[in-house]
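Down below is the structure, laid out as structure tokens.
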Amino acid sequence: MELTAIDSNRFEAMRHAMVASQLRTNAVSDARVVAAMARVPRETFLPADVRGIAYRDTAVPLGRGRFQNVPIATGRLLTEAWLLPTDRVLLIGAAGGYTAAVLAGLVAAVVAVESDPGLAAMAREALVGYPNVTLVEGPLEAGHAAGAPYDVLMIDGAVEHVPEALVEQIRAGGRAVAGIADRGITRLTSGRKTAGGFALLDFADIDCVPLPGFARPRTFTF
């Protein structure tokens, strides 16, 4: 569905309101991230029936149990990744392509992985015109080893753990940001891969949408 000029003006006003009331007041302090999120039309990466809530401070339903992440969660993850113009980023949880589009204006290259065929198709169409984004359809937890190593791993959602398969795709000295789900609470985390190992540290307790495929193996108990 094409947007009219009136629709475009209305969404632009909502986008700038999001920046002013949600991002700038909640430690999204990287001016490049703020500018990119002010520029990318979030509504064009969502199904038509939920575009009206594109800029609310809430998760947006995408169908089949998936959601577009909360703007402040995405903004904080982008900020804590300390992105450089030369970075190659592995994005896990592309959804409709919004975060990949934001990243496209901040880094050299983005490999965006999406497991849901419907969302992948929507993202593929919406990301036409973003030549430095490669969309990969496949299991989120597998990443895209063929394109490794990456400077940054960004998981745009909450997972119970970060699999070793993804850690292996980060270059030595590379960074990672992710939402972590722990006993019903989601936390935003950041870390770095070094010769000595890999670890994530919490930096904020913020709602973050769940991503499928990352459940920890359950241990047997009596």
#### Entry: Hits in the stretch 155-194 (condition: over 16 Å from ALA215 (Cα atoms), among the hydroxyl-bearing types (Ser, Thr, Tyr) and touching a strand residue (DSSP E or B) at 6+ places or on another chain (Cβ under 6 Å))
THR189, SER190
### Query
Got a number for residues in the stretch 30-51 being touching a residue at least 24 places away in the same chain (Cβ under 8 Å) and either over 14 Å from THR79 (Cα atoms) or over 17 Å from the mean Cα position of the chain (by Cα) (or both)?
11
## Note on the structure
Taking the stretch 7-60 and keeping only residues that are among the hydrophobic types (A, V, I, L, M, F, W, C), touching a helix residue (DSSP H, G or I) at 6+ places or on another chain (Cβ under 6 Å), modelled with pLDDT under 95 and in a loop (DSSP other than H, G, I, E, B), one is left with VAL28
### Query
In the stretch 181-200, which residues are of a type outside the set (Lys, Arg) and touching a residue at least 24 places away in the same chain (Cβ under 8 Å)?
ALA181, THR186, LEU188, SER190, PHE198, LEU200
### Task
Within the stretch 115-133, track down each residue that is free of Cβ contacts under 8 Å to residues at least 12 places away in the same chain and either within 20 Å of GLY105 (Cα to Cα) or crowded, with 18+ Cβ neighbours inside 10 Å (or both).
GLU125, VAL128, GLY129, PRO131
### Query
Quick one: would you say GLU2 is of a type in the set (Asp, Glu), at pLDDT 95 or above and open to solvent by 30 Å² or more (accessible area, probe 1.4 Å)?
no
### Message
Restricting to the stretch 80-105, name every residue that is open to solvent by 10 Å² or more (accessible area, probe 1.4 Å) and either in contact (Cβ under 8 Å) with a residue 40 or more places away in the chain or hydrophobic (A, V, I, L, M, F, W, C) (or both).
### Response
GLU80, TRP82, LEU83, LEU84, THR86, ARG88, ALA104, GLY105
### Query
How many residues does the stretch 119-143 hold that are at negative phi and touching a Phe, Trp or Tyr at 6+ places or on another chain (Cβ under 9 Å)?
6
### Query
When the residues of the stretch 134-179 are filtered to those that are aliphatic (A, V, I, L, M), within 17 Å of the chain's Cα centre (by Cα) and open to solvent by 20 Å² or more (accessible area, probe 1.4 Å), which remaining residue is nearest to ILE206 (Cα to Cα)?
VAL162
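The values are calculated or read from the model by the stated rules, or taken from the named source; none is laboratory data. Keep in mind the model is a prediction, meaning the values are calculated, not measured. Cβ atoms come from the backbone with ideal geometry, glycine included; neighbour counts cover every protein chain shown. Only protein heavy atoms, including side chains, enter the accessible area calculation; ligands, DNA and RNA are left aside. Shrake-Rupley method; radii C 1.70, N 1.55, O 1.52, S 1.80 Å.
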